[in-house]
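**Q** The structure that follows is given in the form of structure tokens.
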């Protein structure tokens, strides 16, 4: 059934508002789950386990998505339910400001209280996630799903980039307590900005209309509702693929930043440059990734992307502590070799990682059947949370162990092998031997270009294969762009 011009206009307006809200939400996210929180716990405790514990508890709280998805079904409006839960989450993110002001002279106690409060905030945040995704899935037309998520990713990650850079600069401008004359003022200001931006995200989203509630047949008892989505083999394997991928990322997690700060004496601005480099690639390649995924298929992109992306993690074995002079637009800069190398590598890995993220949002909309989509999305993220919760804890334990018992294995960079290198090897193995095999079990759609076709063309006929792939994908992208103009 064709939608009317009025409906299309309303849909466009809803998606614009949601994207604008998401840009504020990304400012909050960059601070809550980025460098500031990691460095705050590092400043308070210096323990790898404590740094990882926050992320572990945040991931474990994903289990609240399942009861929340069921409970929301008894409310007349998803939007009202989501608004209450989300506002509570964002208000709790003012806690770093309050706790620092009250307990600045008792850092260990402050860290413990902060972990508890932020874990509670994560429970509310995760409770809102499946409701928001189900709400958005009803608004976004399936035919533009990949393109929309790609465009949205590009725009929101620009804000991530800006917020990450700003937070790094502020944390350096107001030195942390471990430096002479330092204080927690930088952290206070950064977390205040993040919490306010998070509130603005919710307030703007309230203006997005909710699709009319569609009655679906009763699915039986609550236990039966919970079990039903995981009976779908495609949905189940897709979920386990992403759970494995998030587990791998969690093992590396924030510990690369900790390694650079401890071993290479990187400051917060330099760490922000590294974090922003990955978001920059997402901003630039979000739209092209969305178009490519639409043409070759989310399953194919996932497998190819996650084979290539971990290769860039090997930069950790090569990064040295030299200084490089750069001349850009008649201006000279000095940058640490390690910062430049890691920034470039994460930029490249981010191209594929961001595409894999678009695949997840798209697959969550189309693989899950509407009658169990809300509970299915909740279970998808809950399983990811439970599995990936082990990642930061494992990463933190590896960090503490190899800090206490360093390895005497030299690397090409002149440094000895350390915890980050062990984490990278483990994460790479999980990605290649768990995440990709699970996704390969997901049934390929008719429109999808098979992985074997792409690989065999490149492997057997290198020049011809690249030319064919370029022509096939390129022509489809151009055709798609022409159609979008009409």
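**Q** Please state which of the following conditions residue 266 fails to meet, knowing it meets all the rest: (1) part of a helix (DSSP H, G or I); (2) in contact with a helix residue (DSSP H, G or I) (Cβ under 7 Å, 6 or more places away or on another chain).
**A** (1)
**Q** Pick from 189, 171, 204: which is in a helix (DSSP H, G or I), without any contact (Cβ under 8 Å) to a residue 60 or more places away in the chain and crowded, with 16+ Cβ neighbours inside 10 Å?
**A** Matching residue, one of 189, 171, 204: 189.
**Q** List the residue pairs whose Cβ atoms are under 6 Å apart, where the first residue sits in region 399-426 and is under 19 Å from residue 49 (Cβ atoms), the second is in a loop (DSSP other than H, G, I, E, B) and modelled with pLDDT of 90 or more, and the two are 6 or more positions apart or on different chains.
**A** Pairs found: 402/418.
**Q** Give region 272-308 a look and list any residue that's in contact (Cβ under 8 Å) with a residue 60 or more places away in the chain, closer than 19 Å to residue 429 by Cα and in contact with a helix residue (DSSP H, G or I) (Cβ under 6 Å, 6 or more places away or on another chain), or say none.
**A** 302, 303, 306
**Q** Could we say that residue 110 is part of a helix (DSSP H, G or I), in contact (Cβ under 8 Å) with a residue 24 or more places away in the chain, under 18 Å from residue 47 (Cβ atoms) and under 22 Å from the mean Cα position of the chain (by Cα) here?
**A** When the stated conditions are applied, residue 110 does not pass them.
**Q** Please find, among 142, 146, the residue that is in contact with a helix residue (DSSP H, G or I) (Cβ under 8 Å, 6 or more places away or on another chain), in contact (Cβ under 8 Å) with a residue 60 or more places away in the chain and surrounded by 22 or more Cβ atoms within 10 Å (Cβ to Cβ).
**A** Exactly one of 142, 146 is in contact with a helix residue (DSSP H, G or I) (Cβ under 8 Å, 6 or more places away or on another chain), in contact (Cβ under 8 Å) with a residue 60 or more places away in the chain and surrounded by 22 or more Cβ atoms within 10 Å (Cβ to Cβ), namely 146.
**Q** Any idea which residue in region 251-263 is nearest to residue 47 (Cα to Cα), counting only those that are under 17 Å from the mean Cα position of the chain (by Cα) and in a helix (DSSP H, G or I)?
**A** Checking each candidate, the answer is 255.
**Q** Go through region 245-265 and report how many residues are surrounded by fewer than 24 Cβ atoms within 10 Å (Cβ to Cβ) and under 15 Å from residue 438 (Cα atoms).
**A** So the answer is 1.
**Q** Mind listing just one residue for me: the one in region 43-79 that is within 30 Å of residue 185 (Cβ to Cβ) and surrounded by fewer than 17 Cβ atoms within 10 Å (Cβ to Cβ) and, of those, modelled with the highest pLDDT?
**A** Among those residues, the one meeting the criterion is 49.
**Q** Here is a check on your reading of the model: is residue 438 part of a helix (DSSP H, G or I) and either modelled with pLDDT under 90 or under 24 Å from residue 304 (Cα atoms) (or both)?
**A** yes
**Q** Could you check region 334-353 and list, in sequence order, the residues that are outside any helix (DSSP H, G or I) and crowded, with 20+ Cβ neighbours inside 10 Å?
**A** Passing the criteria: only 336.
Here's the yes/no breakdown for (1) crowded, with 23+ Cβ neighbours inside 10 Å; (2) in contact with a helix residue (DSSP H, G or I) (Cβ under 8 Å, 6 or more places away or on another chain); (3) assigned to a helix (DSSP H, G or I):
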residue: 84; (1), (2), (3): no, no, yes
residue: 91; (1), (2), (3): no, yes, yes
residue: 98; (1), (2), (3): no, no, yes
residue: 131; (1), (2), (3): yes, yes, yes
residue: 138; (1), (2), (3): no, no, yes
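**Q** Which condition number does residue 426 fail, the rest of (1) closer than 22 Å to residue 349 by Cα; (2) at pLDDT 70 or above; (3) loosely packed, with under 15 Cβ neighbours inside 10 Å being met?
**A** Only one criterion in (1) closer than 22 Å to residue 349 by Cα; (2) at pLDDT 70 or above; (3) loosely packed, with under 15 Cβ neighbours inside 10 Å is unmet by residue 426, namely (3).
**Q** Also, quick follow-up: If residue 157 passes every condition in (1) surrounded by fewer than 20 Cβ atoms within 10 Å (Cβ to Cβ); (2) at pLDDT below 85; (3) under 28 Å from residue 350 (Cα atoms) but one, which one does it miss?
**A** Of the numbered conditions (1) surrounded by fewer than 20 Cβ atoms within 10 Å (Cβ to Cβ); (2) at pLDDT below 85; (3) under 28 Å from residue 350 (Cα atoms), the odd one out for residue 157 is (1).
**Q** Scan (1) modelled with pLDDT of 85 or more; (2) under 30 Å from residue 323 (Cβ atoms); (3) buried (at least 18 other Cβ atoms within 10 Å of the Cβ) for the single condition residue 278 breaks and write down its number.
**A** Looking at each condition in turn, residue 278 falls short on (1).
**Q** Within region 226-245, count every residue that is over 22 Å from the mean Cα position of the chain (by Cα) and touching a residue at least 12 places away in the same chain (Cβ under 8 Å).
**A** 7
The values are calculated or read from the model by the stated rules, or taken from the named source; none is laboratory data. The structure displayed is predicted, hence computed values, not measured ones. Please note: Cβ atoms are built from the backbone with ideal geometry, for glycine as well, and neighbour counts cover all protein chains shown.
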